[in-house]
Amino acid sequence: MKKVLIINGHPDNESFCFALHAAYKKGALSKGYEVQEIILSEMDFNPILQHGYRKRTDQETDLIEAWTKLQQAEHIVWIYPTWWASPPALMKGFIERVFLPGFAFQYQDKSPFPIKLLKGKTSEIISTMDSPVWYYKWIVKDIGGHMIRHSIGKFCGIKNIRTTYLAVVKRSTPDRREKWIRKVEYLAMR
């Protein structure tokens, strides 16, 4: 049974990202996958890496539980809005507090390349935005997607298999949003 972890990075529980989250979960469960969730807005943790990498900041209970879910997952689904060309600050803080040396990767003496401790996992990104997708990809240069896929995922050994951008949300109709919800449910079943 495939183990799927959905990480919802939207800080507002009433956002469209939560409808997408529910749709993905529904699709994954319909295929018999085991689904776990990390909902950042419901977690209690300090998103600031207080001492950088100089000194380890004690992890709160919610971060320890999140780390356990990440270790168990085979496929990680990042769902978040794109704000100012990247994920929300809450999601960036979560990443900084959880994807740590010794957990997600290990530095090596005399090598710029880390040991990838999350090797073998896959991921996908589902992100909403208010800019046209073409503008985000070609003018803005896909900053947030690149960060999740390469700067974090590839660095730690996670292979991204798909990125889905849904836009323009602020001008979307209820019918268009419903089509996006069905699309995301379908993606989970593939």
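The values are calculated or read from the model by the stated rules, or taken from the named source; none is laboratory data. This is a predicted model, so every value here is computed, not measured. Here Cβ is always computed from backbone atoms with ideal geometry, including for glycine, and neighbour counts include all displayed protein chains. The area values use the complete protein model at the heavy-atom level, side chains included, leaving out ligands, DNA and RNA. Shrake-Rupley method; radii C 1.70, N 1.55, O 1.52, S 1.80 Å.
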Exercise. Failed condition for Phe103, given (1) surrounded by 14 or more Cβ atoms within 10 Å (Cβ to Cβ); (2) assigned to a helix (DSSP H, G or I), with all others met?
Worked result: (2)
Exercise. If we keep just the residues of segment 7-22 that are assigned to a loop (DSSP other than H, G, I, E, B) and open to solvent by 10 Å² or more (accessible area, probe 1.4 Å), which is nearest to Asp175 (Cα to Cα)?
Worked result: Ser15
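Run down Leu118, Leu90 and say which single residue is in a loop (DSSP other than H, G, I, E, B) and not polar (S, T, N, Q). Working first, answer last.
Working: Leu90 fails: in a loop (DSSP other than H, G, I, E, B).
Matching residue, one of Leu118, Leu90: Leu118.
Filter segment 169-190 down to the residues that are among the β-branched types (Val, Ile, Thr) and within 20 Å of the chain's Cα centre (by Cα), then identify the one that is farthest from Phe16 (Cα to Cα).
This residue is Val184.
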For this session: Identify, by number, the condition in (1) touching a Leu at 6+ places or on another chain (Cβ under 7 Å); (2) hydroxyl-bearing (Ser, Thr, Tyr); (3) over 23 Å from Tyr107 (Cα atoms) that Tyr33 doesn't meet.
Result: (1)
Problem set entry | Residue under evaluation Arg56, criteria (1) open to solvent by 90 Å² or more (accessible area, probe 1.4 Å); (2) without any contact (Cβ under 8 Å) to a residue 40 or more places away in the chain, criterion not met | (2)
Seminar exercise, completed: Restricted to segment 23-37 and to residues being in a helix (DSSP H, G or I) and open to solvent by less than 60 Å² (accessible area, probe 1.4 Å), the residue nearest to Ile125 (Cα to Cα) is Tyr24
